Amino acid sequence: MHPNPAFRGQPEEENLRFATAKGFGMLCVNGAAGPLAAHVPFVMAGPHVVEVHLARSNAMARTGLPAPALLAVQGPDAYISPDWYGVPDQVPTWNYVAVHLRGVLHPMEAEELEPQVDALSAMFEGRIAGKRPWTKEKMGEGVMARMMRGILPFRLEVTEIDGTWKLNQNKSPEARARVIAALEAQGGMAAQIAALMQALD
């Protein structure tokens, strides 16, 4: 997390809202041979409870648990050219949003897997416009149960929520406006950063 307090002012509920909306992050724990990371979709099962599943063959699933863990949720990011500020003696930088959820990762009971998978698919299917949501009832008899034997459920009990919203808060309103215009002209993820910058104004 960036140490500048200017980028760390978002309240806990906003960091949680951002993480919930993203629903995908990098889960990290210390393994016997060094750090382990898994890129996972997740569902918030409560304000401080994250549920994920891992392939049974994933090294993290075989690590001694419970254990301290970090779920890093990365938002949009964009390069910022010093030319865009319109003032001298600036340097290149990067604007981005990231939320870290720290806590303890626990294995869950086997019977908790199916409700977790249902909640996860319902969340993401509900975000797709113009189609009826997929459900496991579309699977052939026994197929879903067979596939779920290859994954295991886990719960991250969150004890610390930390967010960096590095969006040029340390620059003048005039400089920020010029950066926003330049990012909007780039389109794509850069325009997403511009929108986040405008939302802070």
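Read-outs: derived from the displayed coordinates by stated rules, not from any lab. Here the structure is a predicted model, which means the values were calculated and not measured. Please note: Cβ atoms are built from the backbone with ideal geometry, for glycine as well, and neighbour counts cover all protein chains shown.
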Exposed GluC sites (Glu not before Pro) being those in a DSSP loop with at most 14 other Cβ atoms within 10 Å, the longest stretch of the chain free of them is 1-108
For the stretch 171-179, Karplus-derived ³J(HN,Hα) couplings (6.51, -1.76, 1.60; θ = phi - 60°; whole Hz; x for glycine and proline) come out as 10, 5, x, 5, 5, 4, 4, 5, 5
Net charge (Lys, Arg +1; Asp, Glu -1) of residues whose beta-carbon lies under 12 Å from that of residue 182, residue 182 excluded, is 0
Amide H proximity to residue 24 below 5 Å, modelled H, separation 5+ or other chain, gives 42
Correct response: the longest run of the chain lacking exposed trypsin sites (Lys or Arg not before Pro), defined by DSSP loop and at most 16 other Cβ within 10 Å, is 57-126
Cross-link reach from residue 131 to lysines, straight Cα distance under 26 Å and at least 8 residues apart if same chain, gives 22
When 134, 165, 94, 84 are ranked with the fewest other C-beta atoms within 10 Å first, the list becomes 94, 134, 84, 165
Exposure proxy check on 24, 7, 18, 42: fewest-to-most Cβ neighbours within 10 Å is 24, 18, 7, 42
Rounded to the nearest 500, the 222 nm mean residue ellipticity computed for the chain from DSSP H runs (n ≥ 4, each -39500 (n - 2.57)) alone is -8500 deg cm²/dmol
For 2, 100, ascending order of other Cβ atoms within 10 Å (fewest first) is 2, 100
Which residues qualify? For residue 75, with a placed amide H closer than 5 Å and at least 5 residues away or on another chain, they are 97, 98, 99
